[in-house]
Amino acid sequence: MNTDQLIKTSRARFDHAAARRLLKEKYQAKMLFAYGGGMWTAGPTLLVLLATVPPGDAVLLDLYETPVRVNPEELRGIAMQRWQEQMNAWLVEHEETNKKR
């Protein structure tokens, strides 16, 4: 393999890694949402926490560690919807990036 080919291959791999990092940052930012006077990040951590909280009003710490009274079922529905929408969009963009590689 000649030097030019090696440089081209290494740049493509570097560009791919950078594109993946940018996608991750982009979609992690889209996981943020407001509910009940607090800021939340949709994701497995929040979803598991909400699955363990008994039905009815509960007080949880939001993203900024502020106590917020929430309806766990409603918050879980919003978080799950946000999570799935963003993960589906992330997957589509990730697959497009992989095709370019």
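Observations
- When residue 84 is tested against (1) closer than 18 Å to residue 21 by Cβ; (2) under 16 Å from the mean Cα position of the chain (by Cα), exactly one condition is not met: (1).
- Flag for residue 25 being over 30 Å from residue 97 (Cα atoms) and among the acidic types (Asp, Glu): no
- Candidate set from region 47-81 (those that are part of a loop (DSSP other than H, G, I, E, B) and either more than 16 Å from residue 33 (Cα to Cα) or among the hydroxyl-bearing types (Ser, Thr, Tyr) (or both)); member that is nearest to the chain's Cα centre (by Cα): 64
- All conditions in (1) within 22 Å of residue 26 (Cβ to Cβ); (2) over 14 Å from the mean Cα position of the chain (by Cα); (3) small (Gly, Ala, Ser) hold for residue 42, with the sole exception of (2).
- For residue 48, the criteria (1) closer than 21 Å to residue 25 by Cβ; (2) out of contact with any strand residue (DSSP E or B) (no Cβ under 8 Å at 6 or more places or on another chain) hold in every case but one, which is (1).
- Number of residues in region 64-95 that are among the aliphatic types (A, V, I, L, M) and at pLDDT 95 or above equals 6.
- Inspection of region 1-19 finds no residue satisfying the criterion of being in a helix (DSSP H, G or I), in contact with an Asp or Glu (Cβ under 6 Å, 6 or more places away or on another chain) and at pLDDT below 95.
The values are calculated or read from the model by the stated rules, or taken from the named source; none is laboratory data. None of the values given here were measured: they were computed from a predicted structure. Neighbour counts run over all protein chains shown; Cβ positions are idealised from the backbone, glycine included.
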